[in-house]
Structure formats: C-alpha cells, structure tokens
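These notes concern the structure reproduced below.
Any read-out appearing in this document is the output of simple, stated calculations on the displayed coordinates, not a laboratory observation. Values in this document were obtained by computation on a predicted structure and should not be read as measured data. As a convention, Cβ positions derive from the backbone with ideal geometry for all residues, glycine included, and neighbour counts pool all protein chains shown.
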Ligand code: B12
Ligand code: SF4
Ligand code: SF4
C-alpha cells in the first residue's frame, strides 16, 4: 500500500513538473456515463462524427486493453488571452474570432510530446516492464468523464469539465497504466448551481439540455468538423466565429479568474487573435501552406476556412465585404458560391 502511494506521488510529481496544471487518478472501470453517451449517439447528436459510436470502448478503458488498472487524468491550461479579448468584444469591433485553443500551435503535438516523455519516466520508475498508453483527444475514451472521476472538476451545463481553480480553458489528457495506483476517485461537486448563462448565450441553442450538446447545431462542430454547405438559417447565427466557438465558456463565471499562461507552449499568433477578416482571407488564399504549419486550423482545410470566413463576412452585415463575396459567387467551388450568395443576401437585406 505504501509502495502504491509512493509511486502514485512520484508519477503525479513527474506530470506536474512536465507542464501540466493538475493530475488525478481513478480506477480503470466502466463509467456510468455509458448511458449518456449511448443516448447522445441514439439521438444523432454526434452528426457525422461516426468514430463516437463505439460506446462500449469509449466508456471502459479496459476494452482498449483488459490489463489497464489505472487512469491518470491531466489538465493543461490553454488560456493565453486577457479579459479584454473575447469573441463578443471582437464582434463589436467588427473583427472575427478564432477559438483561443486554436490561435497558436496544435495542442495535440504539444501535449503528445509531453506525454511521451512522461510515459518514458513512468516506465523507468518500475523495475518490471509496464504498459503505459496516453491519449489527448486521439483515443476512444470519454476524457471529461474520466477526468471528473479523478477529482479534476465537474461537468458544467455547457458539458465542459470545469476545475474550481483553473476554470474550463483546459485541455484534458489521460494516461492508462497496467499497474494499480492510489485512486483519488472523488467525483467533484457540481458548482453550476442555478446558473444557466451558457445555455442562454448559445447563439444556435446547441445546449439542448443540462450537459447535452447537439453537435449538429454547435458552431464548433459546424466550423471545424463539418465540411459541407451550412444552411443559411444556421450560418446566420454563427456570428463572427471563424473557427470553433468559445461563447459558452466566455460567459461562464468560473472562467473569470482564469490564469493567463504564456508558457504552455501554445505560442499564440497575433494574426489569429481578433483577426481582421479581409487580411485573414487574403492570407488563407495566398499563403495557406505557411499558415497551416503546426496550426490546428488545418483540420478544416483551406476550403473549409474560406467557407467560414465568407459566412462571417455575411454576419457582419457590412457592405465593405460585398466585392470579395461577389468574387466567390463566381467560384467553381459550389459550397463557396452558395455561401457567398447567402452572405450577400444577408448584407443587402440589411442595407435596404
Ligand atoms: C466530439 C468532441 C467535440 C464535439 C462534441 C462536443 C460535446 N459536448 O460532446 C464538438 C465538435 C461540438 C466539440 C466542441 C468543443 N470541444 Co471537443 N471534444 C470532443 C471529443 C473528441 C469527444 C467528446 C464526446 O465524447 N462527446 C460525447 C458526449 C456525450 O460526451 P462528453 O462531452 O464527454 O459528456 C459527458 C458528460 O456530459 C457526462 N455526464 C456526466 N454527468 C452527466 C449528467 C447528465 C444529466 C448528462 C446528460 C451527462 C452527464 O456524460 C457524457 C459522456 O461521458 C473530446 C475528447 C474526448 N476523447 O473525450 C473533445 C473535448 C471534449 N473537446 C474539448 C474542447 C476544448 C472543445 C471546445 C471548447 C473547442 C472550441 N472552442 O470550439 C468545444 C466546446 C463545445 C462544448 N460546449 O462542448 C476538450 C474539453 C476540455 C474541457 N475542459 O472540457 C476535449 C476533452 C478535448 C481535450 N482533449 O481537451 N468537441
Ligand atoms: S461552443 Fe458555441 S455553439 Fe457550441 S454549445 Fe457552446 S456556445 Fe453553443
Ligand atoms: S455558465 Fe453557469 S451553468 Fe454554464 S457551465 Fe458555467 S457555471 Fe455552469
């Protein structure tokens, strides 16, 4: 028992000294959340994200490998912006918005590098060979549910994991280990109380119930995962969001005291903070190959990002974008021409 506790503390120290902000341990077990996930999938709330459908595997890490005994959950603060910066304030200034997690280098790469090193150090702690596997977004597991079970926070009404000290601008990652550790196994109390700010502020009503997101309506899904034409009725509610959406977290009182961390490896790029929309589209058109290097933006691809910018131009209701939109109206890319058509219509109906 003492050995277990010693090893757990040593592992936690390794993780915290390699740039993570908090760490908790839970038993590798079947999550009760299986029910929520199954329900979510059944209602088609996952849209085209078919990889979500393996409910059994995603709710029990032992389905990945039956020898796993411990789940080590970690958080990393990704907030690099001060209070003066938010999508809502940027909208008032006529600027676009790229989610704060995506304004710098790709977090998968940053965190994977850390996890690789940590995995190596954990293996070194044990005299015998141990199996360690780490995931950040990449694997088939419910990261929020495991993190919550490790005492790292509660799942808010916006469905994000909120840590009492850090808020919700945090990435999650999980390390699976075939050794038994000292489990924290403390489900954090829910501190949302009677607040409903996130639900009330969601522009597309994507938070359909407490902790339940219909991805098909969520701006994050629409602007990142979905590569198709976005119907005008939904596009017109996307506001100034070019990539992802931060709104249900910007309004959350638990993020008011969020710490700004410039050492987290994200390296925010000025060009992507409150971007000037005309400047951004010209960079995407002319220098996409440079822009996409190390950037999460490459997930939506060049054509997807252009589609999103055309939508945001329309939502600005500003006639200065009409000449660019006219150019895209003639585009051979059907999604671009249809999107430009809708945006022109929105702007013109505002002028007249
Ligand atoms: C698919 C996905 C999405 C989808 C669907 C989001 C969603 N809410 O389900 C889309 C594309 C919309 C999305 C958006 C975003 N995502 Co995302 N996404 C994922 C991914 C890959 C899977 C999530 C998933 O399984 N969803 C299915 C639902 C059912 O599960 P869940 O969200 O975990 O919810 C559980 C709880 O609600 C729980 N539960 C517990 N108690 C209760 C009680 C009740 C009553 C109910 C109903 C449920 C419930 O049951 C659910 C199942 O366990 C995870 C990484 C991973 N592998 O887990 C990242 C992840 C969840 N995303 C993340 C981020 C950062 C975002 C964005 C902020 C990005 C952005 N700025 O645009 C937004 C936030 C939008 C939002 N409000 O959720 C982070 C979240 C960090 C955090 N602090 O919570 C994760 C963990 C990635 C990471 N490794 O850091 N995402
Ligand atoms: S990320 Fe945006 S669209 Fe999605 S639930 Fe939150 S506020 Fe709504
Ligand atoms: S905005 Fe309010 S209800 Fe929504 S997650 Fe934050 S505290 Fe909970």
Inter-site label distance for residue 123 and residue 44 at 7 Å from Cα along Cβ, in nm: 4.5 nm
Efficiency by 1/(1 + (r/R0)^6): what FRET value for residue 195 and residue 137, r their Cβ-Cβ distance, R0 = 22 Å, to the nearest 0.05? 0.20
Have a look at the DSSP beta bridges in the chain and tell me what percent are antiparallel, nearest 5. 90 percent
Against the longest alpha carbon principal axis of the chain, how many degrees, from 0 to 90 and to the nearest 10, is the axis of helix 301-316 turned? 60 degrees
The chain: relative contact order from alpha carbon pairs under 8 Å, six or more residues apart, as a whole percent, is 21 percent
When the chain is modelled as a GNM with alpha-carbon springs shorter than 10 Å, which of 225, 289, 274 fluctuates the most? 289
Compare the peptides 292-299, 190-197, 233-240, 128-135 by average per-residue count of other Cβ atoms within 10 angstrom and give them in order, highest first. 233-240, 292-299, 128-135, 190-197
Computed from the beta carbon distance with a Förster radius of 41 Å, FRET efficiency for residue 348 and residue 83 to the nearest 0.05 stands at 0.70
Expected output is a single nm value to one decimal: the length gained when fully extending between residue 279 and residue 10, i.e. 0.36 nm times separation in residues minus the C-alpha distance. What is it? 92.0 nm
Restricting to DSSP H runs of at least four residues, report the calculated mean residue ellipticity at 222 nm for the chain, -39500 (n - 2.57) per run over all residues, nearest 500 deg cm²/dmol. -11000 deg cm²/dmol
With each label point set 7 Å from Cα along the Cα-Cβ vector, what nm distance links residue 54 and residue 287? 4.0 nm
Beta carbons within 10 angstrom, averaged per residue: use that to sort the peptides 326-335, 105-114, 17-26, highest first. 17-26, 105-114, 326-335
To test your reading of the geometry: what angle, between 0 and 90 degrees and rounded to tens, separates the Cα axis of helix 277-291 from the longest principal axis of the chain? 50 degrees
Rotationally averaged projected area of the chain (alpha carbon convex hull; nm²): 18.2 nm²
Segment 1-124 shape via C-alpha gyration tensor axes, a/c threshold 1.5: oblate
Using Cα-Cα distances under 8 Å and only pairs 6 or more residues apart, what relative contact order does segment 44-126 have, in percent? 13 percent
Ordered by packing density, taken as the mean number of other Cβ atoms within 10 Å over each peptide's residues, highest first, how do 253-261, 52-60, 339-347 rank? 339-347, 52-60, 253-261
Using alpha carbons only, how many degrees (0 to 90, rounded to 10) separate the axis of helix 2-16 from the longest principal axis of the chain? 30 degrees
